[in-house]
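What follows is one structure encoded as structure tokens, with my remarks underneath.
The values are calculated or read from the model by the stated rules, or taken from the named source; none is laboratory data. Everything quoted here is computed from the prediction, not taken from an experiment. Quick reminder, even Gly has a Cβ in these numbers, built from the backbone with ideal geometry, and neighbours come from all protein chains shown. Each accessible area value is taken on the protein alone, full model and side chains, heavy atoms only, with ligands, DNA and RNA left out. Shrake-Rupley method; radii C 1.70, N 1.55, O 1.52, S 1.80 Å.
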Amino acid sequence: FKTCPGRVLCKLPCSGEKEVDLAVQSAKAAFKVWSQMSGMERCRVMLEAARIIREQREEIATMETINNGKSILEARADIEISWQCLEYYAGLAGSLAGEHIQLPGGSFGYTRREPLGVCVGIGAWNYPFQIACWKAGPALACGNAMVFKPSPFTPISVVRLAEIFTEAGVPKGLFNVVQGGATTGQFLCHHPDVAKISFTGSVPTGTKIMEMAAKGIKPVTLELGGKSPLIIFSDCSLDNAVNGALMANFLTQGEVCCNGTRVFVERKILDTFTKEVVKRTQKIKIGDPLLEDTRMGALINKPHLNRVQGFIKQAKEQGAEVLCGGDLYVPDDPKLKNGYYMQPCVLGNCKDDMTCVKEEIFGPVMSILPFDTEEEVLERANDTKYGLAGGVFTRDIQKAHRVVAALKAGMCFINNYNVSPVELPFGGYKSSGFGRENGRAAIEYYSQLKTVCVEMGDVESVF
């Protein structure tokens with residue numbers, strides 16, 4: 001593998017209706033075997049998959065960097081989270097159980113936690129391998145099969161995951177990969193043998209998937225967009241808050257759904273905070289993502305780069321001030337000259353009604369907004385159609401818990417940002433979707449309860 005920004009890495013045929021049906025039927029056959037295995041048997045296979053990923057993490061991280069364009073440092077973290085996810089759900093697989101309920105007269109009832117069947121996972125291009133593991137982990141632990149469609153912009157690394165599952169010993173076809181865009185996704189959503197759909201991506205696409213799933217009464221998990229608030233109080237640790245703001249805006253070139261891109265700063269420290277953020281942002285090393293000292297790689301493709309640039313242009317037209325960055329970046333290395341690079345951007349003089357503050361940019365663009373009171377900033381922070389995440393930086397722990405309790409968001413951070421351990425549920429409120437990835441909560445979305453009522457005496461008939 002070599003970095004080749006702006007050039008075609010490979011070409012894959014799109015999966016049509018025939019290929020999608022073959023993948024689903026193959027998964028359906030594998031499901032019959034996998035669902036009958038004990039939780040401990042599934043546990044051992046998933047632990048083996050986690051072991052393979054862990055042992056090959058450097059190779060897979062390199063593949064992911066080339067697949068996506070993010071820095072190798074970040075890709076390594078993604079792969080660490082991926083094997084940890086499979087290990088976590090392997091541990092839960094053997095503990096999945098129902099409950100016994102005592103009824104009058106010696107009768108009783110019990111519940112069984114059963115798998116759904118063939119689940120569909122549709123991934124995004126910002127965390128291709130990690131998202132696939134986030135979806136496959138709970139699905140397989142519960143006894144399901146999965147057909148996964150990665151983004152057509154990042155098709156490669158998920159194929160390696162499918163190979164790893166096969167090497168680990170899952171039944172043939174249990175985790176299948178299909179390739180393609182919206183049409184392939186439609187074939188998956190409409191397929192009569194698909195039991196559930198889990199999607200990570202944009203709100204408009206999530207809406208369409210929900211509409212398609214509704215026709216088959218299929219449950220869905222939607223992890224969609226965000227325009228999350230990051231609230232910086234004057235009593236914070238300033239250096240830590242600056243670190244948090246950078247983490248909340250510039251990971252993966254800003255292409256992160258839960259990023260805290262509306263940075264509300266208490267007016268008392270606005271100038272000091274802004275000066276330090278700009279200083280640190282200007283020092284971010286951009287370039288070849290496979291180099292150890294690179295901290296920001298290239299955006300996913302040219303249309304997306306143009307879209308992000310359009311937001312910055314519009315922000316300036318609406319009165320925002322570009323405090324640093326925002327321009328295209330051409331690395332010194334000639335082999336990188338066609339890459340989709342840009343300088344990370346900090347916008348000042350922002351207002352709540354500006355497009356850059358209201359809409360998800362999905363690029364390395366931070367908007368800074370001043371505030372004066374806690375009550376005021378909470379009202380402004382919640383004034384959005386999104387509700388994926390939110391963060392607060394303060395030394396006052398009572399204030400911190402009070403603020404996150406008031407935030408209408410599914411994932412909140414106190415004195416940190418963009419930390420997503422697999423043990424904690426992840427998902428949004430409002431237009432940011434519903435259902436949860438990770439944690440024990442995900443088990444609820446990949447299984448169903450069956451109730452059994454046992455009568456120990458004679459039936460008392462009213463007839």
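Identify all residues within the stretch 381-418 that are among the small types (G, A, S), over 16 Å from V265 (Cα atoms) and open to solvent by less than 30 Å² (accessible area, probe 1.4 Å); write none if there are none.
G387, A389, A409, G410
Identify all residues within the stretch 203-226 that are assigned to a helix (DSSP H, G or I) and of a type in the set (G, A, S); write none if there are none.
Passing the criteria: G206, A213, A214.
Which numbered condition in (1) touching a helix residue (DSSP H, G or I) at 6+ places or on another chain (Cβ under 7 Å); (2) open to solvent by 10 Å² or more (accessible area, probe 1.4 Å); (3) without any contact (Cβ under 8 Å) to a residue 60 or more places away in the chain is the only one that A90 fails?
So the condition that A90 fails would be (2).
Go through the stretch 262-289 and report how many residues are surrounded by 24 or more Cβ atoms within 10 Å (Cβ to Cβ) and either basic (K, R) or within 16 Å of the chain's Cα centre (by Cα) (or both).
Of the residues in the stretch 262-289, 1 are surrounded by 24 or more Cβ atoms within 10 Å (Cβ to Cβ) and either basic (K, R) or within 16 Å of the chain's Cα centre (by Cα) (or both).
Scan the stretch 332-344 and report the pairs whose first residue is charged (D, E, K, R) and whose second residue is open to solvent by 50 Å² or more (accessible area, probe 1.4 Å) and modelled with pLDDT under 95, with Cβ atoms within less than 9 Å and a gap of 6+ or a chain change.
K335/K2; K337/V330
Is it the case that the stretch 180-198 has a residue that's of a type in the set (F, W, Y), in the same structural domain as Y445 (by the TED database) and closer than 13 Å to G123 by Cα?
The answer is no, given that none of the residues of the stretch 180-198 is of a type in the set (F, W, Y), in the same structural domain as Y445 (by the TED database) and closer than 13 Å to G123 by Cα.
Is there a residue in the stretch 327-341 that is of a type outside the set (D, E) and closer than 17 Å to A248 by Cβ?
no
Which ones in the stretch 433-463 are touching a residue at least 60 places away in the same chain (Cβ under 8 Å) and either over 25 Å from Y110 (Cα atoms) or in a loop (DSSP other than H, G, I, E, B) (or both)?
G433, F434, G435, R436, E437, N438, R440, Y445, Y446, E455, M456, G457
Just checking, how many residues over the stretch 2-45 are closer than 27 Å to I66 by Cα and open to solvent by 30 Å² or more (accessible area, probe 1.4 Å)?
Here the count works out to 12.
Restricting the stretch 403-421 to residues that are in contact (Cβ under 8 Å) with a residue 12 or more places away in the chain and either outside any loop (DSSP other than H, G, I, E, B) or β-branched (V, I, T) (or both), which is nearest to D239 (Cα to Cα)?
Checked the stretch 403-421; the qualifying residue nearest to D239 (Cα to Cα) is I414.
Any chance you could count how many residues in the stretch 227-261 are assigned to a helix (DSSP H, G or I) and open to solvent by 20 Å² or more (accessible area, probe 1.4 Å)?
7
Condition first: open to solvent by 70 Å² or more (accessible area, probe 1.4 Å), charged (D, E, K, R) and either outside the structural domain of N259 (by the TED database) or at pLDDT 95 or above (or both). Can you find one or more residues in the stretch 333-340 that meet it?
Within the stretch 333-340, not a single residue is open to solvent by 70 Å² or more (accessible area, probe 1.4 Å), charged (D, E, K, R) and either outside the structural domain of N259 (by the TED database) or at pLDDT 95 or above (or both).
Would you check if A168 is touching a residue at least 40 places away in the same chain (Cβ under 8 Å), open to solvent by 10 Å² or more (accessible area, probe 1.4 Å) and either of a type in the set (V, I, T) or under 19 Å from Q84 (Cα atoms) (or both)?
Details: touching a residue at least 40 places away in the same chain (Cβ under 8 Å): yes; open to solvent by 10 Å² or more (accessible area, probe 1.4 Å): yes; either of a type in the set (V, I, T) or under 19 Å from Q84 (Cα atoms) (or both): yes.
Yes, satisfied.
Does the stretch 344-363 hold any residues that are in a loop (DSSP other than H, G, I, E, B) and either in contact with a strand residue (DSSP E or B) (Cβ under 6 Å, 6 or more places away or on another chain) or surrounded by fewer than 17 Cβ atoms within 10 Å (Cβ to Cβ) (or both), and which are they?
Scanning the stretch 344-363 gives N349, C350, K351, D352, D353, E359.
Evaluate the stretch 197-216: report whether one residue or more is touching a residue at least 60 places away in the same chain (Cβ under 8 Å) and among the acidic types (D, E).
No, there is no match, as no residue in the stretch 197-216 is touching a residue at least 60 places away in the same chain (Cβ under 8 Å) and among the acidic types (D, E).
Looking at this structure, is E64 touching a helix residue (DSSP H, G or I) at 6+ places or on another chain (Cβ under 9 Å), within 20 Å of R160 (Cα to Cα), open to solvent by 50 Å² or more (accessible area, probe 1.4 Å) and assigned to a helix (DSSP H, G or I)?
The answer is no for E64.
Quick one: N301 ticks every box in (1) farther than 20 Å from R262 by Cα; (2) open to solvent by 30 Å² or more (accessible area, probe 1.4 Å) bar one, so which box is it?
Going through (1) farther than 20 Å from R262 by Cα; (2) open to solvent by 30 Å² or more (accessible area, probe 1.4 Å) one by one, N301 breaks only (2).
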